[in-house]
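No value in this document is a laboratory result; all are computed from the given coordinates. The model shown is predicted, which means the values in this text are computed figures rather than measured ones. Note: ideal-geometry Cβ built from the backbone for every residue, glycine included; neighbour counts use all protein chains shown.
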Amino acid sequence: MPAIDFTARLAWFDRHLGGLQAAGAIILCAVDASDRVIGFATIDPATGEMDQLAVAPDAFGNGVAPALLAEVKRRAPGFVKLSVNRDNPRAVRFYEREGFRVVGAGVNPGSGLDISHMEWP
Ligand SMILES: CC(C)(COP(=O)(O)OP(=O)(O)OC[C@H]1O[C@@H](n2cnc3c(N)ncnc32)[C@H](O)[C@@H]1OP(=O)(O)O)[C@@H](O)C(=O)NCCC(=O)NCCS
């Protein structure tokens with residue numbers, strides 16, 4: 001998503017993660033053999049909401065994202081809900097491959113971008 005300035009969002013993102021945690025979400029981190037964080041995901045075990053999933057670009061395609069998602073599913077209450085930017089075909093394809101289906105559409109109130117709501121199973 002090159003149109004989004006993620007660096008400018010860092011302070012907001014830090015607060016956002018803290019808010020998720022305070023509301024009961026778990027933050028899962030994937031680390032490599034050198035203990036470098038190469039991916040993370042959040043899951044709220046009460047609501048099934050996965051607010052975040054991201055992997056370092058140099059770890060794309062090497063199984064980190066499926067491993068994180070497997071742990072998210074294990075900690076979820078039998079289902080997982082997420083929203084994804086519609087203009088993020090790699091993520092949409094990934095979620096479809098991992099058993100998610102589109103159940104609705106909307107607009108992200110923060111970015112104004114079109115999003116798809118997806119659910120597993
Ligand atoms: C989304 C994300 C976690 C997926 O992890 P990943 O390691 O890239 O996923 P994988 O490589 O296992 O799977 C990606 C799939 O998309 C496909 N793909 C890659 N680029 C694509 C494109 N431009 N259009 C469509 N499909 C694409 C791959 O071929 C693969 O599908 P396949 O297994 O059927 O061949 C990771 O890309 C990421 O962190 N992206 C940035 C953050 C993000 O967008 N998070 C999701 C926000 S909801």
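Rg and Dmax of the range 7-120, based on Cα coordinates, read 13.9, 40 Å.
Under a model in which nothing but the beta-carbon of Lys, Arg (+1) and Asp, Glu (-1) is charged, the chain shows a dipole of about 220 debye around its Cα centre. Please build a GNM for the chain, connecting alpha carbons under 10 Å apart, and tell me which residue among Phe100, Phe79, Phe13 fluctuates the most. Largest GNM mean-square fluctuation: Phe13. Between Glu71 and Trp12, what is the spin-label point distance in nm, taking each point 7 Å from the Cα along the Cα→C-beta axis? Inter-label distance under the simple model: 2.7 nm.
Here is how the number arises for the chain: DSSP H runs of 4 or more residues each give -39500 (n - 2.57), the sum is divided by the residue count, and the result at 222 nm is -8500 deg cm²/dmol. Please turn the phi angles of the range 36-47 into ³J(HN,Hα) values with the Karplus equation 6.51 cos²θ - 1.76 cosθ + 1.60 (θ = phi - 60°), one per residue in order, whole Hz, x for glycine and proline. Here the 3J(HN,Hα) series is 7, 6, 10, x, 7, 8, 10, 9, 9, x, 7, 10 Hz. Expressed in Å, the radius of gyration and Dmax of the Cα atoms of the range 66-105 are 10.5, 28.
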